[in-house]
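What follows is a set of notes on a single structure, which appears directly below.
A short reminder: the numbers here are calculations on the coordinates, not readings from a lab. Everything numeric in this text was worked out from a predicted model, so none of it was measured. Every residue, glycine as well, gets a Cβ built from its backbone with ideal geometry; the counts of neighbours run over all protein chains shown.
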Amino acid sequence: MREPSYFGRCSPDVRTFVVAVLIAALVSCTSQEVAPSVPPAAHARTVSEKAPCPVTLPDGSHRAGDPAGLGDLGYGNGPLWVALWPKGRARATEDNVNRRGEIVMKFPWDRGVRGHLHISGRRIDAGAPPLRVHLSDYGLAGFQATALVFPTEGCWEVTGSIRHTDLTFVTRVTLSS
């Protein structure tokens, strides 16, 4: 069952605008150093930036013409792409922490194959509850907005799947201090 939508249905022009805003927010948020006022959930573990985490780096790949606006942050395998955070690190601020203490980060996807996107994830450097996902209905192909809900900071492996196509990446999720 899909989680409630935060994004709603939009025209292609509005979707393009939303993607541009998301990418701008991704880039601008990484340079902010704001101390979170909402503490992470009690089960969260503090993550050392020096702990090993084999992050996946953006390689600038995207569908021809880049209709989803992934740009230099794109990463994909031909039929499926995602915009990753710079340097493989999703740096959250207090604005990304929900009332449950979870970290909510946006990851835009582009689907070159038809089908519904399914996303799963797990923390690979320590135990944690599984990743949760908020998906909206953007049809069966093209741009797909997602909000990934990380229960804790840490090193996370995320896999997006459509039919017989999978795309996996690793990202380090941290709260800025």
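Relative to the current alpha-carbon distance between residue 56 and residue 98, full extension at 0.36 nm per residue lengthens the span by 12.6 nm.
Each principal axis of the range 64-177 carries a Cα extent, and these read 38, 25, 24 Å when sorted largest first. Taking Cβ atoms as reference points and 10 Å as the exclusive limit, the residues near residue 70 contribute a net charge of -2, counting Lys and Arg as +1 and Asp and Glu as -1. Considering all different alpha carbon pairs of the range 126-177, the Kirkwood hydrodynamic radius works out to 12.8 Å.
Stretching the chain fully between residue 72 and residue 114 yields a gain of 12.7 nm (0.36 nm per residue, less the alpha carbon separation).
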